[in-house]
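Just below is one structure, and these are the notes that go with it.
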Amino acid sequence: MCTTGDGRNHHPGPAPEEVPDTERARFSALLEDSAEDLYENAPCGYLSTRMDGQIAKVNTTLLHWLGYQRDDLVGRKRFADLLTVGGKLYHETHFAPLLRMQGEVRGIALDLKAADGSRLPVLVTSTVKTGSDGEPLLIRTTVFDARDRRAYETELLRARQEAERERERIQRLANTLQKSLLPPTLVSIPGLDVAAHYHIASIDEVGGDFYDLFPLAKGTWGLFLGDVCGKGAAAAAVTSLTRYTLRAAAVYNPDPAAALANLNTVLNHEYSGTDPRFCTVIFGLLTPCDDGGFRIVLAAGGHPPAVLMRADGTADYVHTPGGQLIGVLSDPHIATTTVRLAPGDTLLLYTDGLTEAHTDQSGGRYGDEALLDFVRALTPTTAPDAIAALRSLLETLGAGVDDDTAVLAISVPPQAGEEQQ
């Protein structure tokens, strides 16, 4: 213990730990490894060959990896002799020509054959060394063990293939489920041409669009087309419930407004509280007229209006203003209207996946006016021709159609002797 000038006692701290001379000597010896030792026991393989590929020098690391003795390779084998059959072909057609032209190739994945016949995945980098006169003298090659990388790549490929198989399985399930929600064929109605198309925006998800055309009492038929909110299995369940409810309701009471009111009651009962479900839908009751046309009573619940294309070349929306979504309110307003489909006329129903399609990167939508202009250019037309044109339009819009779209058209053929303009 020492006493400082101010009279306080001072305790010296512990002396720094000294490195023993023997340990310091061993450390210095490691730092002074010879270049030969660094070459022979490097963490990668080294190989030197003549320009014809004959092995002139190889380090211990590579010999250990391949299980060869030095005398087995030096002066006896060429670099290509260590390659698999496929590797030799690649070496002759790509590796060697590139090396001659560029003087260097880097990171080439190859398999080397070990002495026991096994394969060693490696990454190879080769460089041509030249003399003072610029003439190539030898090739120096560095070999990196790629077994861990190859195993990782193999596992990555396996996982990717498994994911692709799973995606294909989900797509098949979604496609099968989607088909089960649509009529396999449209019923044939005497005196009417009918056509429909369902455009799938995503093959990975089941959409909520639906349509149907079916017989009721003798001489009457029902049709409907709609769109359930959402996508996936939940939307598919509502779509299935909606389709069969409308069919059953129309048999009990074919009045279109009554059918939609019945559907509204069912949706309110099944999906209430924290998980409400709703849809837009348009329902029609078809009755033939004595003159060959059809009388159609339409009821709409929040759905885009139908388009009526006349034989005289005019076309316009059949408005059902004020119709409210089905499944939201306990007693929604359901708008109704009646139209007469004369010979040569066509009625088109569609879901909003068409009018809400993106037409440019700025987010612009196709819109109601564009659709009306499009069908006016078609008018007069038939149901099959109208659907064919709309299919082409949807294909033209491409990825801009980010929601499923259903289209359904019915038309009365022109009377004999009449020609569409």
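Here are the numbers for this structure:
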| read-out | value |
| --- | --- |
| Identity of the residue in region 272-292, open to solvent by less than 50 Å² (accessible area, probe 1.4 Å) and at pLDDT below 90, that ends up nearest to L408 (Cα to Cα) | G292 |
| Search result, residues across region 243-269 that are farther than 17 Å from G208 by Cβ, open to solvent by less than 40 Å² (accessible area, probe 1.4 Å) and in contact (Cβ under 8 Å) with a residue 60 or more places away in the chain | P256, A257 |
| Inter-residue pairs, beta-carbon under 8 Å, first over 17 Å from A383 (Cα atoms) and open to solvent by 20 Å² or more (accessible area, probe 1.4 Å) and in region 183-212, second outside any strand (DSSP E or B) and aliphatic (A, V, I, L, M), 6+ apart | A201/V401; I203/A174; D204/I170; D204/A174; E205/A174 |
| Subset of region 152-162 [of a type in the set (A, V, I, L, M) and either open to solvent by 60 Å² or more (accessible area, probe 1.4 Å) or in contact with a Phe, Trp or Tyr (Cβ under 8 Å, 6 or more places away or on another chain) (or both)] | L156, L157 |
| Residue in region 141-150 that is part of a helix (DSSP H, G or I), touching a strand residue (DSSP E or B) at 6+ places or on another chain (Cβ under 6 Å) and farther than 30 Å from S411 by Cβ present | yes |
| Matching strands (runs of 3 or more DSSP E) fully within region 293-373 where at least 1 residues are out of contact with any Pro (no Cβ under 9 Å at 6 or more places or on another chain), over 20 Å from A386 (Cα atoms) and not aliphatic (A, V, I, L, M) | 335-341 |
| Region 141-168, residues that are more than 30 Å from V58 (Cα to Cα) and of a type outside the set (A, V, I, L, M, F, W, C) | E155, R158, R160, Q161, E162, E164, R165, E166, R167, E168 |
| From the options G327, G344, G363, G353, residue that is under 27 Å from the mean Cα position of the chain (by Cα) and on the phi > 0 side of the Ramachandran plot | G363 |
| Hits in region 116-150 (condition: touching an Asp or Glu at 6+ places or on another chain (Cβ under 8 Å) and either open to solvent by less than 60 Å² (accessible area, probe 1.4 Å) or under 16 Å from I55 (Cα atoms) (or both)) | L120, P121, V122, T125, S126, T127, V128 |
| Candidate set: region 23-33, residues that are open to solvent by less than 90 Å² (accessible area, probe 1.4 Å) and in a helix (DSSP H, G or I); chosen: the one modelled with the highest pLDDT | A25 |
| Sole residue being open to solvent by 10 Å² or more (accessible area, probe 1.4 Å), of a type in the set (D, E, K, R) and over 30 Å from S202 (Cα atoms), chosen from D345, D316, D373, D403 | D316 |
| Selection within region 366-383 - under 31 Å from the mean Cα position of the chain (by Cα) and touching a residue at least 40 places away in the same chain (Cβ under 8 Å) | D368, L371 |
| Flag if T220 is among the β-branched types (V, I, T), surrounded by fewer than 19 Cβ atoms within 10 Å (Cβ to Cβ), out of contact with any Gly (no Cβ under 7 Å at 6 or more places or on another chain) and closer than 29 Å to D402 by Cα | no |
| Meets criteria (modelled with pLDDT under 90, open to solvent by less than 90 Å² (accessible area, probe 1.4 Å) and among the aliphatic types (A, V, I, L, M)) for A80 | no |
| Out of G313, G322, sole residue that is in contact (Cβ under 8 Å) with a residue 60 or more places away in the chain, at positive phi and over 37 Å from the mean Cα position of the chain (by Cα) | G313 |
| Residue, nearest to E153 (Cα to Cα), within region 99-115, restricted to residues that are under 39 Å from the mean Cα position of the chain (by Cα) and open to solvent by 60 Å² or more (accessible area, probe 1.4 Å) | A109 |
| Filter result for L62 (in contact (Cβ under 8 Å) with a residue 12 or more places away in the chain and either touching a helix residue (DSSP H, G or I) at 6+ places or on another chain (Cβ under 8 Å) or open to solvent by 20 Å² or more (accessible area, probe 1.4 Å) (or both)) | no |
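The values are calculated or read from the model by the stated rules, or taken from the named source; none is laboratory data. Since the structure is predicted, the reported quantities are computational estimates derived from the model, not experimental observations. Here Cβ is always computed from backbone atoms with ideal geometry, including for glycine, and neighbour counts include all displayed protein chains. These accessible areas exclude ligands, DNA and RNA; they are computed on the full protein's heavy atoms, side chains included. Shrake-Rupley method; radii C 1.70, N 1.55, O 1.52, S 1.80 Å.
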